[in-house]
Amino acid sequence: MKYSIILGLLFFVATYYVNAQEDPVSEEIIEKSDSISNKKLIEELKYIKQPGLANAASKIYSADRRYSFAGFTEINSVTYLGEKNTGDDIELYYTNLYRFGFYFGYKITDRFIFNSEIQAELLHDGFREVGTELNFEWMFDYLFHPSFNVRVGNYPIPVGYTNINEEPIAFYSVNRPEVERIILPTQWLETGVMFYGNFLKNQLEYNLGLTKGLDASNMVEGTWIRRGRFHGLEVPRAWAANGKLEYVAQDDIKLGIAGYYGDAGRGSDTPSGQSFNPTVSLYSAFAGYEWGNFSVFGLAMRGSTTQTDRIFEFDNQVMGEETFGYYGELRWDLWSAFKSEKDWKLPIWLRYERLDTHASVASSFENRAFDRQNLEIISVGANLRPKRNLVFKVNYQFRENLSESIIPEANRLELGLGFIF
């Protein structure tokens, strides 16, 4: 029943958007006379990003009205060329993904802004298991000055690249890069306060935040800290700090560094009565450059977890003390080679990716079997982008798990589509 509601809501919004954009009769209905100008209920997305947010999520900050509606849809299919591994987290072996995000923003005043997102996600393994996730992102921003603003609420942690740029037009693969799904658990939201802005003549963007921490007692070994996320409202029982610096002066250059450090014990003890205050740290850096119809992008991150022997007491999960991941990607717009009047894009791309959830483990676990994602992945793919806000994707992954495994890692064929509004 709840899946029908989600799909029905998706159909309603998509239909309403298409009608509002293309049907002249609908345009007459939704256009309202105003003493200043006539404006449509759903305004065109301006692609002006607010620090810490993606394109559609930033719509309210540049909207001409007091309120805005925006969102994105993502539908993906995964085919395994061989027997697939399973584990404690369906994130590692799903065959179908349906993701829908809906944003609503309201300008309480020109400086005091409310922004929100409801994101629903359905994962299916093609046989019997279904995983669902419903996240509510909300925040209040007070815009003091371009160089200093305050955000309070449940917002994305600004580490890596895809956790902020989560909308399907922002990355080229069908699914988010494995480094940013397994090591960095996108989507990762936390409740807290963040200070942000631009300085040095708007060339550098900074984010500096304090949030509630993770819950290490719920983590599972195959996806590191992913299950440690908790999106509900509560009085914080653990604290964490995060920060980011990003170069934003030119559209063809991307540079950024970020970090996260915090307590993941939430004030509890282990089942055996030991004190429990593990810490989690994660640091990332990325760089990208575009010249003409070519572009290159790379990202690297490293994380660590303490007290992994005490985390084991909760659910027999062997957590890595050290983790790492990195990838590099080359792209070329094949459409540029055709003589066409259509302003389409057809980027083809190649990516090398490497990650390890257990780069090091506690000595007591060295002879124990556990779910280690020690992956080397080469991906090739293509996007068809008839519009800036619409993309059709296909890619093939050559995958290998470099650690010993009963079932070899299966290659994957992935198909997907996505759009934002």
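The values are calculated or read from the model by the stated rules, or taken from the named source; none is laboratory data. Computed from a predicted structure; not experimentally measured. Cβ sites come from the backbone with ideal geometry, for glycine too, and all protein chains shown count toward neighbours. The accessibility values were calculated without ligands, DNA or RNA, using every heavy atom of the protein model including side chains. Shrake-Rupley method; radii C 1.70, N 1.55, O 1.52, S 1.80 Å.
In the full protein context, the chain carries 46 Å² of accessible surface per residue, based on a 1.4 Å probe and ignoring ligands, DNA and RNA. If you take all other residues with their beta carbon under 11 Å from the beta carbon of GLY160, and give Lys and Arg +1 and Asp and Glu -1, the sum is +1. Each peptide in 88-96, 234-242 was scored by the mean count of other Cβ atoms within 10 Å over its residues; highest first, the order is 88-96, 234-242. Full extension of the segment from LEU210 to TYR47, taken as 0.36 nm per residue of separation minus the current Cα-Cα distance, would add 55.9 nm. Restricting the calculation to Cα atoms, every distinct pair contributes to the Kirkwood radius of the chain, found to be 22.7 Å. Annotation: amide H of HIS358 within the under-5 Å range of GLN373, sequence separation 5 or more or interchain, hydrogens built in the peptide plane. Once both labels are positioned 7 Å from their Cα atoms along Cα-to-Cβ, the gap between SER363 and THR132 label points is 4.8 nm. Between LEU233 and VAL296, the simple label model (points 7 Å from Cα in the Cβ direction) yields a spacing of 4.9 nm.
Applying the Karplus relation 6.51 cos²θ - 1.76 cosθ + 1.60 with θ = phi - 60° to region 75-80 yields 3J(HN,Hα) values of 10, 10, 10, 10, 10, 9 Hz, where x marks Gly and Pro. With semi-axes defined as the square roots of five times the eigenvalues of the C-alpha gyration tensor, the equivalent ellipsoid of region 262-418 measures 41, 18, 14 Å, largest first.
Between GLN274 and LEU330, take the C-beta separation as r, use R0 = 45 Å, and let me know the FRET efficiency to the nearest 0.05. According to the calculation, E is roughly 0.40. Whole-Hz Karplus values for region 292-300 come out as x, 8, 10, 8, 9, 8, x, 8, 9 Hz, taken residue by residue from phi with 6.51 cos²θ - 1.76 cosθ + 1.60 and θ = phi - 60°; glycine and proline positions read x. Could you state the number of Å between the C-alpha centres of region 236-255 and region 359-380? Cα centroid to Cα centroid, the span is 28 Å.
Shown in residue order for region 365-379 are the 3J(HN,Hα) couplings computed by the Karplus curve 6.51 cos²θ - 1.76 cosθ + 1.60 at θ = phi - 60°: 9, 4, 9, 9, 7, 7, 7, 9, 8, 9, 9, 10, 10, 10, 10 Hz (x for Gly and Pro). A simple packing score, the average count of other Cβ atoms within 10 Å per residue, orders the peptides 110-119, 179-188 as 179-188, 110-119, with the highest score first.
Projected over all directions and averaged, the alpha-carbon convex hull of region 76-160 occupies 7.8 nm². Of the solvent-accessible surface of the chain, computed with a 1.4 Å probe over protein heavy atoms with every protein chain present, carbon and sulfur atoms account for 58 percent. The distance separating the Cα centre of region 64-92 from that of region 186-224 comes to 21 Å.
Packing order of peptides 134-140, 323-329, 339-345, 362-368, highest average first: 323-329, 134-140, 362-368, 339-345 (average count of other Cβ atoms within 10 Å over each peptide's residues). Using the rule -39500 (n - 2.57) for each DSSP H run of four or more residues, divided by the residues of the chain, the 222 nm mean residue ellipticity is -3000 deg cm²/dmol. Computed from the Cβ-Cβ distance with R0 of 45 Å, the FRET efficiency linking TYR352 to PHE112 stands at 0.50. Which pairs in the list LYS46/LYS342; LYS46/LYS387; LYS59/LYS107; LYS212/LYS244; LYS49/LYS393 are over 19 Å apart, alpha-carbon to alpha-carbon? Correct reply: LYS46/LYS342; LYS49/LYS393.
Taking label points 7 Å from Cα along the Cα-to-Cβ direction, GLU404 and TYR67 give a separation of 6.1 nm.
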